[in-house]
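This report concerns only the one structure given below.
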Amino acid sequence: LMGVGCAAALAALPAKRGAHRCHVCARTGAGTHAFELTLHKGARTRQEEDALASRLVLRAIGVASGLEGQSVADVWGEHDAKREGDGLEYSFEPTGDPIEAVTGGRIPLAQLSRGVCDSVARGGEGGSDDGGDHGALEEVAVASGARLVLPGSFNPLHDGHVGMMRAAARKLGVDMAAPGACVFELAIVNADKGALEADEARRRVRQFGTEAGRDLTVAVTASPIFSQKAALFPGAAFVVGYDTATRLVMPKYYGGREGMLAAFADLRARRCSFVVAGRFDEASARFLSLDDMRAEIPPEVGDLFVGLDEGDFRDDVSSTQLRREGKGLSLSG
């Protein structure tokens, strides 16, 4: 995935007062490539300057893609060589790893290749608000033995999250108090919104230490999609809400039905499954559960889904509503 932007001030009528120049940025997961082209004013026609600017955009894409044989200097063509007064500057600013930004590099990313989460934090009372000691982050060895994983943005963490995990644990007979058995997962890289700022990630992690006695464990990962989560947590059941579950079985997100079935086959090979919590639907004034979406689930993968009915779990409060009200996790009960 790459983002490319270009801004230029080139030859025009009436003549521009300032310099003729072109700025191009190409951003990838590795960092930002910046290019600044300055052209000798009055030495070229508008068409010639357009051609150079277009060539710079193409070269920027090539360089940022890491294609062999790509050079920024190639912007100067055989028929339009660099002239006196022309200039071209290039800089690269690496993004840095978002996990290391949160953990201060204390937890090596090599753990990911060994089947252990990039970074794990257990809720506790420690940690300062300034993030100087990484807040409530504490290195914890949670390997690939998690039985239940509840992914979320936790903005904020609230009783519904904890209640959903408890209900899933009851449904599958998992001891929520067993170390590492039930894990809340915060992916600080989002497929749509980019990476969380380090301070914001620390703030969200600290929420798991505000409720004494619950001993909640949160894994901080860089895995926004379920195929990546399954690689981190083989054998786990992912606890998701009704709306997330409906998106999981939409072929359009996989490039078609075959792609969707292939993705679920990979999840099955990793012994992963889903626990789906229902929700109240205001439009129909009824509680929607897994049974309401069974017709949309391909029969080949139906056994990978277990539902939580209204009697198992119901919480009508949303994170969006709590953000509006400035509320978070209740400390009662």
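The values are calculated or read from the model by the stated rules, or taken from the named source; none is laboratory data. From a predicted model like this one, the values you see are computed outputs, not experimental measurements. Virtual Cβ from ideal backbone geometry, glycine too; neighbours counted across all protein chains shown. These area figures cover heavy atoms from the full protein model, side chains too; ligands, DNA and RNA do not enter into them. Shrake-Rupley method; radii C 1.70, N 1.55, O 1.52, S 1.80 Å.
Data table
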read-out: Vicinal HN-Hα couplings computed from phi for the stretch 255-270 (Karplus, 6.51 cos²θ - 1.76 cosθ + 1.60; Hz; Gly/Pro x); value: x, x, 4, 4, x, 5, 5, 5, 5, 5, 5, 5, 4, 5, 4, 8
read-out: Percentage of interatomic Cα-Cα distances in the stretch 156-208 larger than 16 Å; value: 53 percent
read-out: Long-range HN-HN contacts of residue 95 with modeled amide H, under 5 Å; value: 31, 32
read-out: Residue 82-residue 1 FRET efficiency (beta carbon distance; Förster radius 25 Å; 0.05 resolution); value: 0.15
read-out: Under-5 Å amide H pairs with residue 20, H placed in peptide plane, nonlocal only; value: 39, 41
read-out: Residue-wise HN-Hα coupling along the stretch 169-174, computed from phi with Karplus coefficients 6.51, -1.76, 1.60 (Hz; x: Gly, Pro); value: 5, 4, 4, 9, x, 9
read-out: Computed label-point distance, nm, for sites residue 225 and residue 271 using a 7 Å Cα→Cβ extension; value: 2.5 nm
read-out: Heavy-atom accessible area order for 293, 176, largest first, 1.4 Å probe; value: 176, 293
read-out: Separation of the residue 197 and residue 175 label points, Cα + 7 Å toward Cβ, nm; value: 4.3 nm
read-out: Surface share of carbon and sulfur [accessible, 1.4 angstrom probe, percent] for the stretch 182-304; value: 49 percent
read-out: Amide hydrogen neighbours beyond the local backbone of residue 288, cut-off 5 Å, H modeled; value: 279, 280, 281
read-out: Using θ = phi - 60° and Karplus 6.51 cos²θ - 1.76 cosθ + 1.60, couplings along the stretch 219-232 (whole Hz; Gly, Pro as x); value: 9, 9, 10, 10, 10, x, 10, 5, 5, 6, 4, 4, 5, 6
read-out: Apportionment of accessible area to carbon and sulfur, the stretch 1-55, percent (1.4 Å); value: 57 percent
read-out: Cα→Cβ-extended label distance, 7 Å offset, between residue 48 and residue 247, nm; value: 5.2 nm
read-out: Residue 281-residue 19 FRET efficiency (beta carbon distance; Förster radius 56 Å; 0.05 resolution); value: 0.40
